[in-house]
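The values are calculated or read from the model by the stated rules, or taken from the named source; none is laboratory data. Computed from a predicted model, the values in this text were never measured in an experiment. Virtual Cβ from ideal backbone geometry, glycine too; neighbours counted across all protein chains shown. Note: areas computed on protein heavy atoms with side chains; ligands, DNA, RNA excluded. Shrake-Rupley method; radii C 1.70, N 1.55, O 1.52, S 1.80 Å.
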Amino acid sequence: MLEIIKEPWPWYVAGPLIGLTVPILLIIGNKSFGISSSLRHICAACIPSNISFFKYDWKKESWNLFFVFGIFLGGVIAAYFLSNPNPVSITPELSEQLAGYGITDHTGLVPSQLFSWESLLTLRGFIMIVVGGFLVGFGTRYAGGCTSGHAIMGISNLQWPSVVATICFMIGGFVMSLLILPYILSL
């Protein structure tokens, strides 16, 4: 059984499990699925100020904080106890292309040449980690939610803004990976 948990699950198992989260949350407690709203709840709980955005009853949404903590705890358990010791398998073509950018270490989940404390002090690492993190946070706030909230919850509720946001997420991802990322990697 442990070997089944350690292996990647096929899309036809993992997809429906994620998809069933939406109706379960709606049926059990009329709750909406989303991850980025938990940051607002944490700020409302920890920053007692007169900012109107944080003045609401965050305790009614405390279930969301437990949900996000469960995701974090599951990630920690998976990383330390269920991780696959083999390097990440990528195609030889991609390995050759990444080697042209100086990325040769495929032993972890992410290349250490891009995501490490040492690379943070380079222009390429700063753009990838700090600027990328800022843009993700800004985009999440600007779009009124993250990809999980819009693509999973919003589309299943037939919300037109979520369809538009998800299309924009996809277009942004394509533009980033095909046009902008090669330029950043060449720095």
More than 22 Å apart - percent of Cα-Cα pairs taken over the range 66-146: 48
Mind ranking 81, 169 by accessible surface for me, highest first, 1.4 Å probe? 81, 169
Hey, rough spin-label estimate for residue 180 and residue 73, points 7 angstrom out along Cα→Cβ, what's it come to in nanometres? 3.6
So the angle from the long Cα axis of helix 37-46 to the longest Cα principal axis of the chain, reported in degrees to the nearest 10, equals 70
Taking a probe of 1.4 angstrom, what is the accessible area of residue 46 in Å², to the nearest 10? 100
Selected from 137, 149, 172 as most flexible by GNM, with the chain as the system and alpha-carbon contacts under 10 Å: 172
If one compares the long axis through the Cα atoms of helix 160-175 with the longest principal axis of the Cα atoms of the chain, the angle in degrees, nearest 10, works out at 10
Which of the trypsin sites (Lys or Arg not before Pro) across the range 22-62 are loop residues per DSSP, with 13 or fewer other Cβ within 10 Å? 55
With a ≥ b ≥ c from the Cα gyration tensor eigenvalues, square-rooted, and the rule rounded for a/c under 1.5, otherwise prolate when a/b > b/c and oblate otherwise, the chain is prolate
Taking the alpha-carbon centroid of each part, what is the distance from the range 19-45 to the range 66-109 in angstrom? 27
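Probe radius 1.4 Å, ligands and nucleic acids ignored: give me the carbon and sulfur share of the accessible area of the chain as a rounded percent.
That share works out to 73 percent.
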Apply the Karplus curve 6.51 cos²θ - 1.76 cosθ + 1.60, θ = phi - 60°, to the phi angles in the range 97-106 and return the couplings in whole Hz, x for Gly and Pro. 5, 5, 4, x, 9, x, 9, 10, 8, 10
What relative contact order, as a whole-number percentage, does the chain give when Cα pairs under 8 Å and 6 or more residues apart are counted? 23
Taking Cα atoms, the helix 62-81 axis meets the longest principal axis of the chain at an angle in degrees (rounded to 10) of 30
Simple spin-label estimate for residue 148 and residue 160 in nanometres, 7 Å along Cα-Cβ: 2.9
What residue among 20, 94, 109 shows peak mean-square fluctuation when the chain is described by a Gaussian network model with Cα springs under 10 Å? 94
³J(HN,Hα) computed for each position of the range 14-20 - Karplus, 6.51 cos²θ - 1.76 cosθ + 1.60, integer Hz, glycine/proline x: 5, x, x, 5, 5, x, 6
